[in-house]
Amino acid sequence: MTINSMSFLIFFLGIAIVYYLPFLKKYQWAVLLAASYLFYFFTGTDNFIYILVTTVTTHVSARMLGKKNNQQAEWLKVQKGSRTKEETAQYKARIKSEKNRIVFFDIVVNIGLLIFVKYSNFFIFNINRILTVESSVELKALNILVPLGISYYTLQSIGYVLDVSKGKTQPEGNVFKTALFVSYFPQITQGPIGRFDKLAPQLFGAHGFSWQNLSSGCQRILWGFFKKTVIADRMNPFVDEIFLNFDQHSGFTLFLGCVYFSIQAYADFSAYMDIAAGYSQILGIGLEENFKRPFFSQSLAEYWRRWHITLSSWFRDYLFYPLSLSAPAVKLSRIGRKYLPARIAKLVPSVYAMFIVWFATGFWHDASWRYILWGIANGTIMISSMCLSEQFKTWKQKLHIREENKFWQLFRRLRTFLLISLLKVFPAASSTGNSLRILKRIVTDFRIEFSYQAWFPGLIKNYLAYILFGLVLFLMVSIRQEKEHFRVHMERKSFVYRWCLYLVLLCAILSFGMFGTELSGGFEYAQY
């Protein structure tokens with residue numbers, strides 16, 4: 001049951017009715033918890049053990065860390081002025097060590113679960129390749145069903161524990177409320193990855209019914225369905241045709257396939273976020289935004305500040321910053337100061353942390369070398385850009401290029417979009433070997449062709465008209481959103497104007513959208 005299916009619409013309608021019953025207002029969080037576990041039940045009972053383990057370890061770890069924080073605060077308060085600086089430092093170090101052991105336990109258990117269910121076959125396959133070279137030992141792959149949303153709720157739970165450890169948030173005392181934070185059903189499949197201090201108060205608080213929330217939520221759900229059915233699902237078959245039969249296409253067509261896949265993936269993923277955010281808004285809960293018009297980015301770094309924002313910020317806050325300040329980073333920085341120019345030596349900790357972060361980002365997406373290569377490629381480009389920033393500045397000065405120049409900004413946006421699209425060859429291809437073969441063909445067989453088959457292989461012409469209509473509308477809305485929030489803009493329009501536009505959008509979905517057996521197809525990022 002996906003959130004864009006008819007069964008989910010019926011499920012959500014029933015939940016919303018119960019949720020807003022007046023006598024249940026104080027227990028709305030319990031309704032959400034029941035709904036979340038019921039939703040999870042429909043995905044398969046075998047998944048429950050993993051999310052239960054994550055919930056229990058997260059709750060226990062956070063509570064233990066909260067006690068350590070309180071213990072330290074009380075000790076410092078009581079002993080204020082009666083202890084030396086050395087004694088205070090020793091006490092803080094002991095508490096920090098105890099907290100680190102708790103955090104380590106929580107991370108090992110939850111990352112261990114994630115590795116077991118998602119990456120076991122990857123490790124077995126690669127170990128098997130090594131062993132079979134030198135011996136006849138063979139390892140059989142494990143037949144493990146990856147639990148729904150484990151990549152997302154694992155990071156969300158670990159982030160909560162780390163925030164409690166740092167004293168940024170207080171631990172939740174009710175294990176059932178912790179369970180709701182881990183399993184909240186609209187976001188569990190693909191995020192966004194929430195922060196406890198922002199999401200939890202909304203989940204646990206009481207919400208009165210609001211026509212404004214209902215209207216805004218339905219608008220966003222409708223927009224999500226439009227992007228999903230008219231753009232993403234319409235593009236999916238012919239994008240698949242390009243990459244599944246890549247040996248039959250020229251490098252030009254394959255590069256276009258990368259561009260198409262980039263657009264299709266964005267429409268698909270952002271559609272899910274709109275639908276999930278719309279459902280949540282009807283319930284009075286605001287999810288964090290996960291996209292901010294990423295294709296308007298002027299650099300790869302900016303793109304990652306606009307794309308999958310909650311994942312990027314999670315890796316930044318919980319991995320990049322700690323790594324860049326860690327002992328190995330400091331040691332590498334000292335070595336760098338001996339052998340590298342001062343400007344480059346300063347960047348060594350960031351380069352060290354960034355490489356690990358992008359390796360982890362690629363591996364998080366999927367247990368395959370093509371995603372690892374994709375992550376490393378992103379990291380390498382960003383590291384190179386960071387190291388060459390002074391040279392770029394000098395070149396722009398010599399060429400008299402001003403940052404505010406509109407043509408220069410347009411060039412940077414186009415360049416970044418094409419680079420992003422080219423990197424999509426790794427997730428778009430069916431294997432690591434195929435991604436490298438496609439790249440080779442793009443480089444060695446790039447000849448511009450002007451036939452319909454070269455530009456849109458396997459795509460029915462009527463479908464092309466539907467897709468172009470969807471993309472033009474998508475672009476117009478995105479341009480407006482860059483200047484001003486679209487819903488703020490719409491609220492200034494008359495009631496008749498707004499609802500005529502919504503009616504047109506609904507008709508476009510029903511007329512041009514592609515629908516599956518239930519309502520629409522699954523989502524691209526659900527596999528991660």
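Positive end of the charge dipole of segment 1-117 (Lys, Arg +1 and Asp, Glu -1 on Cβ, about the Cα centre): tell me which of A30, I49, V60 has its Cα farthest that way.
The residue sitting most towards the positive pole is V60.
How high is the relative contact order of segment 1-95, given as a whole-number percent (alpha carbon pairs under 8 Å, six or more residues apart)? Write out the running numbers ahead of the final one.
Working: 24 pairs, mean separation 15.4, N = 95.
Once divided by the residue count of segment 1-95, the mean separation gives 16 percent.
Sort 146-157, 347-358, 296-307 by packing, meaning the average of other beta carbons within 10 Å per residue, with the highest value first. Write out the running numbers ahead of the final one.
Values: 146-157: 23.5, 347-358: 20.3, 296-307: 17.9.
Most protected by this proxy first, the peptides run 146-157, 347-358, 296-307.
Could you tell me which chymotrypsin sites (Phe, Trp or Tyr not before Pro) in segment 361-452 are loop residues by DSSP with no more than 15 other beta carbons within 10 angstrom of their beta carbon? Intermediate values should be presented prior to the final figure.
Working: sites: F363, W364, W369, Y371, W374, F392, W395, F407, W408, F411, F417, F446, F450, Y452; in loops: F446, F450.
Answer by residue number: F446, F450.
If you roll a 1.4 Å probe over the chain with all protein chains in place, what percent of the accessible area is carbon or sulfur?
Details: 17160 of 26560 Å².
The nonpolar share, carbon plus sulfur, comes to 65 percent.
Got a sec? Charge dipole of the chain, +1 on Cβ for Lys and Arg, -1 for Asp and Glu; which of A301, I438, V108 is way out at the positive end?
My answer, from the dipole projection, is A301.
Quick one: putting +1 on the C-beta of Lys and Arg, -1 on the C-beta of Asp and Glu, what dipole do you get for the chain around its Cα centre, in Debye to the nearest 20? The partial results should precede the final answer.
Numbers: 58 positive and 32 negative charges, 448 e Å.
So the dipole magnitude of the chain works out to roughly 2160 debye.
Taking 0.36 nm per intervening residue step and subtracting the Cα-Cα distance, what contour gain separates T380 from S511 on full extension? Mind showing how you got there, number by number?
Values: separation 131, 0.36 × 131 = 47.16 nm, distance 4.41 nm.
42.7 nm is the gain from fully extending T380 to S511.
What do you get for GluC sites (Glu not before Pro) in segment 345-430 restricted to DSSP loop and a cutoff of at most 14 other Cβ within 10 Å of the site's Cβ? Mind dumping the intermediate values first?
On the way: sites: E390, E403, E404; in loops: E403, E404.
Here the GluC sites (Glu not before Pro) that fit, given the DSSP loop and packing criteria, are E403, E404.
Which FRET efficiency, nearest 0.05, do L325 and F41 yield, Cβ-Cβ r, R0 35 Å?
On the way: r = 43 Å, r/R0 = 1.22.
Computed FRET efficiency for L325 and F41: 0.25.
Express in nm, to one decimal, how much length is gained between A206 and L52 on full extension, taking 0.36 nm for each residue of separation and deducting their alpha carbon distance.
52.9 nm
Per-residue accessible area for C218 at 1.4 Å probe radius, Å² rounded to 10?
So the heavy atoms of C218 present about 60 Å² to solvent.
Can you give the extra length, in nm with one decimal, that the chain gains between L436 and K96 once fully stretched, where that is 0.36 nm per residue apart less the Cα-Cα distance? Please report the intermediate quantities before stating the final value.
Working: separation 340, 0.36 × 340 = 122.40 nm, distance 4.65 nm.
Length gained between L436 and K96: 117.8 nm.
What 222 nm value per residue comes from the helices of the chain, counting each DSSP H run with n ≥ 4 as -39,500 (n - 2.57) and dividing by all residues, nearest 500 deg cm²/dmol? Provide the component values of the computation, followed by the final result.
On the way: 25 runs with 372 residues, N = 528.
The helix contribution divided over the chain gives -23000 deg cm²/dmol.
Using a cut-off of under 14 Å, list every residue of segment 338-369 whose amide N is near the label point 7 Å from the Cα of Y119 along the Cα-to-beta-carbon line.
356-369
Accessible area per residue, 1.4 Å probe, Å², for the chain: what's the number? Before the final figure, lay out the partial values.
Numbers: 26560 Å² over 528 residues.
So the chain comes to 50 Å² accessible per residue, rounded to a whole number.
What nm distance separates the two modelled labels at V443 and M6, each placed 7 Å from Cα along Cα→Cβ?
Spacing of the two 7 Å Cα→Cβ label points: 5.0 nm.
Below 8 Å, C-alpha to C-alpha, sequence gap of six or more: please give me the relative contact order for the chain in percent. Before the final figure, lay out each step's value.
Working: 615 pairs, mean separation 104.0, N = 528.
For the chain, the relative contact order is 20 percent.
Using r as the Cβ-Cβ distance of L24 and R316, and R0 as 30 Å, what FRET efficiency do you calculate, to the nearest 0.05? Let's see the in-between values first.
Values: r = 39 Å, r/R0 = 1.30.
For R0 = 30 Å, the calculated efficiency reads 0.15.
For F450 paired with R305, estimate the spin-label separation in nm (one decimal), with each label point 7 Å from Cα along the Cα-to-Cβ line.
4.2
The values are calculated or read from the model by the stated rules, or taken from the named source; none is laboratory data. Please read all numbers here as calculations on a predicted model, not as lab measurements. Every residue, glycine among them, receives a Cβ derived from its backbone with ideal geometry; neighbour counts consider all protein chains shown. Ligands, DNA and RNA are stripped out before the accessible areas are found, and what is left, the full protein with its side chains, is counted by its heavy atoms. Shrake-Rupley method; radii C 1.70, N 1.55, O 1.52, S 1.80 Å.
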